[in-house]
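Quick note: the coordinates plus some simple rules give every number you see, no bench work behind them. Predicted model only: the values in this text are computed from it and were never measured.
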């Protein structure tokens with residue numbers, strides 16, 4: 001039996017890496033529930049994520065922060081959501 005995996009990812013000005021990440025996630029055979037937080041990106045990351053998550057074959061929750069919380073605090077925000 002394969003368990004569902006909670007995937008927590010913090011983004012900050014990560015637009016250039018998102019297409020490859022999402023392509024990889026589309027091909028996973030493990031049941032996944034994803035939680036993404038954008039840490040106040042200015043490069044279009046949140047808009048790209050918002051548009052792309054609808055195409056993923058599993059539930060995705062996107063949190064958009066107005067402040068850069070740093071990695072640890074952003075992970076804590078995601079952990080509360082999961």
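Details
- Acute angle (nearest 10 degrees) that the helix 70-81 long axis makes with the longest principal axis of the chain, alpha-carbon atoms: 50
- Debye intensity ratio I(q)/I(0), log10, the chain, q values 0.26 Å⁻¹ (C-alpha model): -1.36
- Added length on full extension, which subtracts the Cα-Cα distance from 0.36 nm per residue, residue 51 to residue 17: 10.7 nm
- Gained length - residue 33 relative to residue 58, 0.36 nm times residue gap less alpha-carbon distance: 8.4 nm
- Short-range pairs are left out: with C-alpha atoms under 8 Å and at least six residues apart, the relative contact order of the chain is 37 percent.
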